[in-house]
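Contents: one structure, followed by commentary.
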Amino acid sequence: KLPTLEHFQDDLRASLRKYFKQLVEARQYQDDHQRRVYRVVIDGEASEVPIYWIYYWIADSEGRQAVLAFTGEQKLADRLSGADVELAAGFEFTARK
């Protein structure tokens, strides 16, 4: 069963618990491979260091699912510079046997 975007957000919020500060972005789209993709960006703090998390949930029409996670210090967020978007777009499920 595929989760909704809201359910995915709730799971992330629960897993980050005390580190979670705010939900920055949550969106759903269909990518160039016709997969359903959720992208959720969260701001938080760990050991008094501002942190960001970017999560992707990707599902194809065959029911295969994957979660990609990126994390880093807020002050270094600009260095990511869209690399998460490129990696998520280039993600491929292996062929089924």
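Bridgeable lysines around Lys18 (alpha carbons under 22 Å apart, same-chain partners fewer than 8 residues away excluded): Lys75.
Sparsely packed loop sites in the range 25-97 (the chymotrypsin sites (Phe, Trp or Tyr not before Pro) outside DSSP H, G, I, E and B with at most 16 other Cβ atoms within 10 Å) comprise Phe91, Phe93. Mind telling me which of Gly44, Gly82, Gly72 comes out most flexible in a GNM of the chain, alpha-carbon contacts under 10 Å? Residue with maximal mean-square fluctuation among Gly44, Gly82, Gly72: Gly82.
Per residue, the accessible area of the chain comes to 67 Å², computed with a 1.4 Å probe over protein heavy atoms only. Please give the net charge around Tyr56, taking every other residue with its beta carbon less than 9 angstrom from that of Tyr56, where Lys and Arg add +1 and Asp and Glu add -1. With Lys, Arg at +1 and Asp, Glu at -1, the neighbours total 0.
Stretching the chain fully between Leu16 and Phe93 yields a gain of 25.0 nm (0.36 nm per residue, less the alpha carbon separation). Mean residue ellipticity, 222 nm, helices only, the chain: the sum of -39500 (n - 2.57) across DSSP H runs of n ≥ 4, divided by residue count and rounded to 500, is -6500 deg cm²/dmol. Taking other residues whose beta carbon is less than 11 angstrom from the beta carbon of His7, and scoring Lys, Arg as +1 and Asp, Glu as -1, yields -1. Whole-percent P(r), the chain, all Cα pairs, 10 Å bins from 0: 15, 46, 30, 8, 1. Give me the base-10 log of I(q)/I(0) for the range 7-52 at each q in 0.22, 0.26 Å⁻¹, Debye formula, one uniform scatterer per Cα, rounded to two decimals. Debye output, listed in q order: -0.75, -0.91. Rounded to the nearest 20, the Cβ-based charge dipole of the chain about its Cα centre (Lys and Arg +1, Asp and Glu -1) stands at 340 debye.
The values are calculated or read from the model by the stated rules, or taken from the named source; none is laboratory data. None of the values given here were measured: they were computed from a predicted structure. FYI the Cβ positions are ideal-geometry reconstructions off the backbone, even for glycines, and counts take in every protein chain you see. Ligands, DNA and RNA are excluded from the accessible area calculation, which covers all protein heavy atoms including side chains. Shrake-Rupley method; radii C 1.70, N 1.55, O 1.52, S 1.80 Å.
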